[in-house]
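The values are calculated or read from the model by the stated rules, or taken from the named source; none is laboratory data. Just so we're clear, the structure is a prediction, and the values are computed from it rather than from any experiment. For neighbour counting, all protein chains shown are included, and Cβ atoms are generated from backbone atoms with ideal geometry for every residue, glycine included.
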Amino acid sequence: MTAQKLLEEIAGIGRSPATGGYRRFAWTREDSDLREWFRGQAEARGLTVTEDRVGNQWAWWGDPDARGPGVVTGSHLDSVPDGGNFDGPLGVVSALLAVEELRREGFTPARPIGVANFVDEEGARFGVACGGSRVLTGALSRERALALTDADGVSMAEALSRAGRDPGAIGPDPETLARIGTFVELHVEQGRYLADTAAPVAVASSIWPHGRWRFDFPGEANHAGTTRFEDRNDPALKLAALILQAREVARELGCVATVGKMRVLPNGVNAIPSEATGWVDGRGPDEDAVRRLVPLLEEAIGTGAVVESFTPSTEFDPVLAGELSGLLGGAPIIGTGAGHDAGVLAANGVSSAMLFVRNPTGVSHSPAEHAEPDDCEAGVAALATVLRSLAAR
Ligand SMILES: [Zn+2]
């Protein structure tokens, strides 16, 4: 079995025929199909599948309570709107195949090995990224999580009920956390660092600090034909200023900022909007600069913002990163602007690491994201090497 073949098994789930992109959101039918697929694949490899209080899935080789804590690998199967089939799934598939390889060669782990499928990593439905790992660790409170709503106004509590789950059961799960001695997440690279090097796999050093802010602009609905410019209160103009200023201010600070989500009401072609909302995503290598981004933006456009989330810079265990790089023949160690469940675990004191697999274009969060079959196999082999070493002691 190859990573490519295993990815093809889920290639039909949540794929939009119109865009070729994936819509795999938490607690939907697609999500449920993917979870069932994960369970089947894990059980076919002799793993015992459990779920934590949040709904993250854990497939164990060996009993983590009797002989733990274990070495855990894995990633997520959900997607952004119109995402690709590699961001998340490559890590899950590679984890299953690395375990399969260790089993085939008769490896006997000295401590249990786990494969995780984290729920709601992208935050595409409820707006908070890494929801599964954040609730697990307590970084996101259950009250706040359950009250989050999707674009249709459905709360997470309601979505959980509709998916046949008990919203009252979710919350931090220290017992599950205690089973994780070391966590290693393999992920398709979301950038072009490896594309220009001879190495198919890199090790992560850190995740950039990352914030999400919401700007609400009230306006006054009116007729697009009969209202003079001087009589208008058009909030779309503020939204436009926000989009342009976000880029300007971020550039000056050495960060990146994006307004990729916006809402205009009533969203009619012949109506001046009554309300406009823009969400700013800001990141960068320097935390102080990222923190200064929104105050400067607020000043530039004269409107205050609501902080939806802020994740400080996350450093992965430098000793572990160095060790993995050595195991992989001197693999490069690089930082990333993308958030991951491994980062949430690292921020909560779990010794964590990430492996990145080369992406020829660097594109991600798009149907164009890709990794060559040979590089995917190199990723599986790298993960097997890492597990072989970490689970031997
Ligand atoms: Zn991902």
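Miscellaneous remarks
- Being out of contact with any helix residue (DSSP H, G or I) (no Cβ under 8 Å at 6 or more places or on another chain), under 27 Å from Ala384 (Cβ atoms), in a helix (DSSP H, G or I) and at pLDDT 95 or above is a property that holds for Gly91.
- Inside region 195-231, residues that are surrounded by 15 or more Cβ atoms within 10 Å (Cβ to Cβ) and more than 20 Å from the chain's Cα centre (by Cα) make up a count of 9.
- Whichever residue in region 94-107 is in contact with a helix residue (DSSP H, G or I) (Cβ under 9 Å, 6 or more places away or on another chain) and assigned to a loop (DSSP other than H, G, I, E, B) and, among such residues, is surrounded by the most Cβ atoms within 10 Å (Cβ to Cβ): Phe107
- Single condition Gln190 does not satisfy, out of (1) away from the ligand (no atom under 16 Å from the Cβ); (2) touching a residue at least 12 places away in the same chain (Cβ under 8 Å); (3) polar (S, T, N, Q): (1)
- In the set Val135, Val92, only one residue is in contact with a strand residue (DSSP E or B) (Cβ under 9 Å, 6 or more places away or on another chain) and either touching a residue at least 40 places away in the same chain (Cβ under 8 Å) or of a type in the set (Lys, Arg) (or both); that residue is Val92.
- For region 53-88, a tally of residues being assigned to a loop (DSSP other than H, G, I, E, B), away from the ligand (no atom under 12 Å from the Cβ) and surrounded by fewer than 23 Cβ atoms within 10 Å (Cβ to Cβ) returns 7.
- Flag for Ala66 being at pLDDT below 95 and either farther than 29 Å from Met156 by Cα or in contact with a His (Cβ under 7 Å, 6 or more places away or on another chain) (or both): yes
- Within region 257-276, the set of residues being surrounded by fewer than 18 Cβ atoms within 10 Å (Cβ to Cβ) and closer than 25 Å to Ser366 by Cβ comprises Thr258, Gly260, Lys261, Met262, Arg263, Asn267.
- Listed by position, the helices (runs of 4 or more DSSP H) inside region 282-349 whose residues that are within 16 Å of the ligand (Cβ to nearest atom) and touching a residue at least 24 places away in the same chain (Cβ under 8 Å) number at least 3 are 341-347.
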